[in-house]
2 protein chains.
Amino acid sequence: MKSYNGKILEVELGEAPVFSTLELSEEDAARYIGGLGLAELLLARRMDWDLDPFDPRGVVAIMVGPLTGTEVPGCSRYVVAGKSPLGHWGEAHAAGYFASELKAAGYDGILISGASSRPVYLYVHDGEAEIRDASRLWGLGTYEAEAAIREELGDPKVRVIGIGPAGENLSHMASVIGDEGRAAARSGMGALLGSKNLKAVAVRGRGKVALHDEEAFRRAAKEILEKVKSNATCGLLKQHGTPVNVMICAYFGDIPIKNWRLGDWPEGIPGLNAEAYQTVLTRNWHCRACPVGCGRKVANPLGEPPGLADVTGPEYECLAALGTMCMVSDIKTVVAANDLCNRLGMDAISAGTTIAFAMECYERGILKEEDAEGIDLSWGNGDALAPLLRKMASREGRLGSLLADGTRAAAEKLGQGSERFAVHCKGLELPMHDPKAFSGWALAYGTTNRGACHLSATTYNIERGMTLPDIGLDQPLDRFASEGKAAMVKTYHAFSAVLESLVACKFMVYTGLTLTDFRSALIPATGKEWTVEELMECGYRIYHLGRLINHACGLTGEDDRMPERIVSEPYQEGNAANFVPDHQTMLEEYYRLQKWDEKGIPTEERIRELGLEEFAWMAERARG
Amino acid sequence: MKSYNGKILEVELGEAPVFSTLELSEEDAARYIGGLGLAELLLARRMDWDLDPFDPRGVVAIMVGPLTGTEVPGCSRYVVAGKSPLGHWGEAHAAGYFASELKAAGYDGILISGASSRPVYLYVHDGEAEIRDASRLWGLGTYEAEAAIREELGDPKVRVIGIGPAGENLSHMASVIGDEGRAAARSGMGALLGSKNLKAVAVRGRGKVALHDEEAFRRAAKEILEKVKSNATCGLLKQHGTPVNVMICAYFGDIPIKNWRLGDWPEGIPGLNAEAYQTVLTRNWHCRACPVGCGRKVANPLGEPPGLADVTGPEYECLAALGTMCMVSDIKTVVAANDLCNRLGMDAISAGTTIAFAMECYERGILKEEDAEGIDLSWGNGDALAPLLRKMASREGRLGSLLADGTRAAAEKLGQGSERFAVHCKGLELPMHDPKAFSGWALAYGTTNRGACHLSATTYNIERGMTLPDIGLDQPLDRFASEGKAAMVKTYHAFSAVLESLVACKFMVYTGLTLTDFRSALIPATGKEWTVEELMECGYRIYHLGRLINHACGLTGEDDRMPERIVSEPYQEGNAANFVPDHQTMLEEYYRLQKWDEKGIPTEERIRELGLEEFAWMAERARG
């Protein structure tokens, strides 16, 4: 099929690295699209899911999509996936300039297995690959490592993604960072690279994407681009990026505060909103082929490495996790903490949530002053963030070791009822939108394969007035209701699975693109006449394969539960006061609509419908 | 003094119009600057304040400032002033392209006295003036009249300000409109033009502003311009204009809702915020020599006149007055109502507030169904807005006549306790920021000469963290406290008086300019070495002269009171719940600091200090 390279690079690390090329079958591409879908398929076929996540036999996939490298806006993302340190399916996504460079280097993705005995990095360039020594890079922050690799290779156009100290030290919240701060943050993918002693992946390519019908494709791409550029929300995101959401979400009671205990925080929110952000902004930044350009740059808080004037500024999620969650309202402090997360290679959502958890433990006397190792863990103490993040990334002392793997692991070690305020699903800390403000989030968080996730079912848009008629979401839904939410989340998970396989950015949807639009470019790009329905069927297949992998890892419906704090502790203040989502009711309806059994396991019928018979054993195993 | 034309055009309307030129004395310019200051001085000298506002002997001033027509940003405003139909000092301000054109036509302002027996308009061009017939324009909306005049004069560069049906019908809330929707809206200045049968003022000029030291001036202007352009808030206002304030103000509990009865409205606010506005926006718009460009255009709701694709969209104030105040949350309805206000030449703040007042009267049975003349006056009925506005502008029927002059007049006619929810000060409806959210507004509204005003002391910025150290406002103040507010409002009134005499836009201050910055351009422009202190002394003089004029009109401290609803009905909801400002305490301190007596009348000592002996009789008269 055109627009694919048709090749996956396989790298087996070890004393003598082995390189090979996997030919991508047209049938697999047609059924799993690319990106997330192909990552799942290829890993499902070759992984032993019983293995420890850090077992050298484990495989990590880094995939791009059929529209990556073309002029269709927003398809410059990559997926990094594998068995998460949290014990089940893991995946992380980021945009920037890496994905298109990998595509230009001749591959649709990379599969990495084995492990090196010494630090190395992988360099892929125009159909060739080599493993290079990274000993002198080990221990470096992500920006320094990125710069050093580019310098060593003598090519400023080399694109690099890699890990920081957190990944080296196998923190379960270790991220993969590229483009000086663009984070594939969630579910600990950085630790997988760390376990393989793989510091980074550098790519450089000069290839062009071959298209089925160039002229028709250019017409379609141009039309899509114009649609985004003329869209209302495009202007909003262009000017403010995601920080514009701070006050908007606060208004709805959607931004979590003080470890999900406060429904509003009028004393703190103004210090973190878009107006405050203007005081730290240096410039806007955009990913490849993106007319929105929601990225923000802020002055380099540490001044290192010299010559790096500015760095990636915090997104909405980071402003909330390191700001409102910890009751820190000083934008400069949050900017510095977010920068540190990126340097150390840590997921800012999980890191901020884990610090908020520690602060609550401290307030309740579960963590005592002597446990805090000289750090004042009082709510709102911005001075605590940097030393805590450094300890967590390096597992330093009892405190760093306690917190390095996130709230679930910390609560398991601490006990004393702290489990009640470890706010995660499947071990992944909840992202920064609130099921107590939009009930759909509860179901979305509970049923995403990697754990509580802000990317898979971003259904709160449907609960705020958006519709997507071409996939049947033609009615806005009340944000507090339970009715209709199961169908909405079901459809949205499949839709997202398609987008994450195309590797399309969700913001393209917020700025007006539909699956019909993507299809209009995908057909002339590939030559395959997908219908919207067929694409959605792929979406359901991909979403279900992730679910089946989780079953192979031992997860069942038990793991779809929401934390107590979300379903039984309503807020007293703000515009979402006195409400908790009826997660159980929505979840039962969801299982029914998906044709899953009462344990949340897809029925044989459903597996057959989706053509997933090859992986039926995973469900069988969970059914016991 | 350079940068002034040194000439004021005097026009005496009547059977045979008389034109003359008043030479501006250097001393008057040095002591009153321009704009508001000179308008007050010239009117104070020639007006008999006992006259009815519509008496033909009354005088209307239209003034610009010393920096108008130069490259100093934001000085393209004009002031239209006279004795308000509300019975005291009246003034209204608007920016756009009229002010600089008047300056280029050779004048620093126009004084209009007398009255014409038939509709006319004034055409001023390069030092000449003529009165032209406007019979065929009478009854037209402001856009149509503007276009017709431009066509008649055969010069697309003619700039026009004028009145609509509301001004013709002497509505006390009639505005003056230029540039297809830029409104000098408040205190009924449009009715003064209407009472003189003066439909419009058209200007065209080719003159250049003569500067004292061109090179030094250009350096200063460039520096100021760069300062604004690099300012944080500039970006925010550029992208969203004032609609960005809807959700921000709602968050603070600062946007009035349901005639000042609700502290928050989570069901309605999202429909009116900056995101919703994007769905109606056609393009941004900027006044002359402004790097901010906060103006918004929206598609022409009526499609008339043909060829006018888009019109001025609602500002924050209008979104609140016609939206939240009336419980209407549909942006398209508010856009259409605001457009109608501009066409009819009505102050949208007073109009929206008056409709909200009528809705409350209807809810309480004071206005009955039979009084409503077929209009459903229920809260939130967007369909009521357009017919009500049309009735009010034309005084049609009992309802139109009841509401045409605003809430104070309507409550006086209705009685039955309706005075309690007629929310005005000195007859001018409160603008759309809430003294129950920022206590400074109470004092600012109470002590502004034209009545409750959102331009004179915009002190809520100081209560939100801004400082202006060069005029002594070096500490942000708590928004609910009373302490420090008297000194803050005192300083701010004087500062605003300077700005409104320079005719500088307040948004230049929000985007970083200080009085020191304006001074740096004013000195090379004029050749006069003002200090910041001397400018502030002018500000105090100007502010006090307005106060003295009010005393001449019969007002005293009694008229500084706040409506009951503001000082004794706290909100139950939102982030300003359970608070009312302690207006009386702040006001007493304010009188002391200003050296006013207990009746709020400036003492002889204060009058002498400010060099206002010429007008001391006004205070004497009020002291009785």
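The values are calculated or read from the model by the stated rules, or taken from the named source; none is laboratory data. Predicted model, so just to flag it, every value in this text is computed and none were measured. All Cβ positions, even for glycine, are placed from backbone atoms using ideal geometry, and neighbour counts span all protein chains on display. Just so you know, the surface numbers come from the protein's heavy atoms only, side chains and all, with ligands and any DNA or RNA stripped out. Shrake-Rupley method; radii C 1.70, N 1.55, O 1.52, S 1.80 Å.
Among what's in the stretch A:95-123 and is hydrophobic (A, V, I, L, M, F, W, C) and under 28 Å from A:L51 (Cα atoms), pick the residue that is surrounded by the fewest Cβ atoms within 10 Å (Cβ to Cβ). Write out each step before concluding.
Taking the stretch A:95-123 as the starting set, the residues that turn out to be hydrophobic (A, V, I, L, M, F, W, C) are A:95, A:98-99, A:102, A:104-105, A:110-112, A:115, A:120, A:122.
Narrowing the set further to residues that are under 28 Å from A:L51 (Cα atoms) leaves A:110-112, A:115, A:120, A:122.
Details: A:I110: 24, A:L111: 21, A:I112: 24, A:A115: 18, A:V120: 23, A:L122: 27.
Taking the candidates together, the pick is A:A115.
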- Answer yes if at least one residue in the stretch B:443-463 is open to solvent by 10 Å² or more (accessible area, probe 1.4 Å) and over 19 Å from B:F495 (Cβ atoms), and no otherwise. no
- Within the group A:E15, A:E10, A:E26, which residue is surrounded by fewer than 16 Cβ atoms within 10 Å (Cβ to Cβ) and in contact (Cβ under 8 Å) with a residue 60 or more places away in the chain? A:E15
- Query: Assuming A:I542 fulfils every condition listed in (1) surrounded by fewer than 19 Cβ atoms within 10 Å (Cβ to Cβ); (2) touching a residue at least 24 places away in the same chain (Cβ under 8 Å) apart from one, which condition is it?
  - Reply: (1)
- Query: Of everything in the stretch B:437-467 that's within 14 Å of chain A (Cβ to nearest Cβ) and part of a loop (DSSP other than H, G, I, E, B), which residue is farthest from B:A321 (Cα to Cα)?
  - Reply: B:T467
- Which pairs have Cβ atoms under 9 Å, sit 6 or more apart or on different chains, and link a residue in the stretch B:366-379 that is within 18 Å of B:G415 (Cα to Cα) to one that is open to solvent by 30 Å² or more (accessible area, probe 1.4 Å) and of a type in the set (F, W, Y)? B:K368/B:Y362; B:E369/B:Y362; B:D371/B:Y362; B:A372/B:Y362
- Query: Out of the residues in the stretch B:268-284 that are within 9 Å of chain A (Cβ to nearest Cβ) and assigned to a loop (DSSP other than H, G, I, E, B), which is nearest to the chain's Cα centre (by Cα)?
  - Reply: B:N273
- Message: Going residue by residue through the stretch A:340-358, is there one that turns out to be in contact with a Lys or Arg (Cβ under 6 Å, 6 or more places away or on another chain) and open to solvent by less than 10 Å² (accessible area, probe 1.4 Å)?
- Response: yes
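I'd like to know if the stretch B:271-280 contains one or more residues that are buried (at least 20 other Cβ atoms within 10 Å of the Cβ) and of a type in the set (V, I, T).
First, the residues of the stretch B:271-280 that are buried (at least 20 other Cβ atoms within 10 Å of the Cβ): B:271-277, B:280.
Now narrow it down to the ones that are of a type in the set (V, I, T): B:280.
Yes, the stretch B:271-280 contains at least one residue that is buried (at least 20 other Cβ atoms within 10 Å of the Cβ) and of a type in the set (V, I, T).
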- Item | Subset of the stretch B:290-307 [over 21 Å from B:A232 (Cβ atoms), more than 14 Å from chain A (Cβ to nearest Cβ) and crowded, with 17+ Cβ neighbours inside 10 Å] | B:N300, B:P301
- Task: Exactly one condition in (1) under 21 Å from the mean Cα position of the chain (by Cα); (2) among the aromatic types (F, W, Y); (3) farther than 23 Å from B:G65 by Cβ is not met by B:F480; state its number.
- Result: (1)
- Task: Looking only at the stretch A:236-248, decide whether some residue is free of Cβ contacts under 8 Å to residues at least 12 places away in the same chain, open to solvent by less than 30 Å² (accessible area, probe 1.4 Å), within 18 Å of B:N575 (Cα to Cα) and facing chain B (nearest Cβ under 7 Å).
- Result: yes
- Item | Breaking point among (1) farther than 30 Å from A:R261 by Cβ; (2) touching a Ser or Thr at 6+ places or on another chain (Cβ under 8 Å); (3) not aromatic (F, W, Y), for A:R623 | (2)
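Here are some residues: A:L587, A:L593. Which one is open to solvent by less than 20 Å² (accessible area, probe 1.4 Å), over 21 Å from A:Y32 (Cβ atoms) and part of a helix (DSSP H, G or I)?
Numbers: A:L593 fails: open to solvent by less than 20 Å² (accessible area, probe 1.4 Å).
After ruling out the rest, the residue left standing is A:L587.
From the list B:R118, B:R159, pick out the single residue that is over 22 Å from the mean Cα position of the chain (by Cα) and basic (K, R).
Unique residue meeting the criteria: B:R118.
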- Message: Taking the criterion of being at negative phi, touching a Phe, Trp or Tyr at 6+ places or on another chain (Cβ under 8 Å) and without any contact (Cβ under 8 Å) to a residue 40 or more places away in the chain, would at least one residue in the stretch A:580-592 satisfy it?
- Response: no
- Lone unmet requirement of (1) in a helix (DSSP H, G or I); (2) open to solvent by 10 Å² or more (accessible area, probe 1.4 Å); (3) of a type outside the set (F, W, Y); (4) in contact with a strand residue (DSSP E or B) (Cβ under 9 Å, 6 or more places away or on another chain) for B:L555: (1)
- In the stretch B:468-505, anything part of a loop (DSSP other than H, G, I, E, B), buried (at least 19 other Cβ atoms within 10 Å of the Cβ) and in contact with a Ser or Thr (Cβ under 9 Å, 6 or more places away or on another chain) is listed as B:L477, B:R479, B:S482, B:V503, B:C505
- Item | Criterion (touching a helix residue (DSSP H, G or I) at 6+ places or on another chain (Cβ under 9 Å), of a type in the set (V, I, T) and assigned to a loop (DSSP other than H, G, I, E, B)) met by exactly one of A:V311, A:V228, A:V244, A:V292 | A:V292
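Based on this model, can you work out whether A:R182 counts as touching a residue at least 24 places away in the same chain (Cβ under 8 Å), crowded, with 21+ Cβ neighbours inside 10 Å and within 21 Å of A:G352 (Cβ to Cβ)? Even if it seems obvious, please write down each step before you answer.
Details: touching a residue at least 24 places away in the same chain (Cβ under 8 Å): yes; crowded, with 21+ Cβ neighbours inside 10 Å: yes; within 21 Å of A:G352 (Cβ to Cβ): yes.
So A:R182 fits the description; yes.
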- Query: Given the residues A:E500, A:E483, which is the only one that is more than 21 Å from A:C287 (Cβ to Cβ), assigned by TED's automatic domain parsing to the domain that holds A:L545 and of a type in the set (D, E)?
  - Reply: A:E483
- Item | the stretch A:55-84 - residue that is open to solvent by 20 Å² or more (accessible area, probe 1.4 Å) and over 20 Å from the mean Cα position of the chain (by Cα) and, of those, farthest from A:G14 (Cα to Cα) | A:E71
- Task: May I ask you to verify whether A:D330 is at negative phi, in the same structural domain as A:G263 (by TED's automatic domain parsing) and open to solvent by 30 Å² or more (accessible area, probe 1.4 Å)?
- Result: yes
- Among the residues of the stretch B:403-411, is any open to solvent by 10 Å² or more (accessible area, probe 1.4 Å), outside the structural domain of B:G37 (by TED's automatic domain parsing) and of a type outside the set (G, A, S)? yes
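Select from the stretch A:359-388 the residues that are in a loop (DSSP other than H, G, I, E, B) and of a type in the set (A, V, I, L, M, F, W, C) and write down the one among them that is surrounded by the fewest Cβ atoms within 10 Å (Cβ to Cβ). Break it down stepwise before answering.
From the stretch A:359-388, those in a loop (DSSP other than H, G, I, E, B) are A:364-368, A:373-381; that's our starting set.
If we keep only those that are of a type in the set (A, V, I, L, M, F, W, C) as well, we get A:366-367, A:375, A:377, A:379.
Numbers: A:I366: 18, A:L367: 23, A:I375: 20, A:L377: 22, A:W379: 16.
Taking the candidates together, the pick is A:W379.
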- Message: Looking for something closer than 25 Å to A:N338 by Cα and either outside any loop (DSSP other than H, G, I, E, B) or of a type in the set (A, V, I, L, M) (or both) - is there at least one such residue anywhere in the stretch A:412-420?
- Response: no
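For the stretch B:249-259, which residues satisfy the criterion of being more than 8 Å from every other protein chain (Cβ to nearest Cβ) and out of contact with any strand residue (DSSP E or B) (no Cβ under 9 Å at 6 or more places or on another chain)? Please lay out each step first, then the result.
Within the stretch B:249-259, the first condition is being more than 8 Å from every other protein chain (Cβ to nearest Cβ), and the residues that meet it are B:249, B:253-259.
Hits for the stretch B:249-259 are B:C249, B:G253, B:D254, B:I255, B:I257, B:K258, B:N259.
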- In the stretch A:198-232, residues that are within 14 Å of chain B (Cβ to nearest Cβ) and surrounded by 20 or more Cβ atoms within 10 Å (Cβ to Cβ) total 2
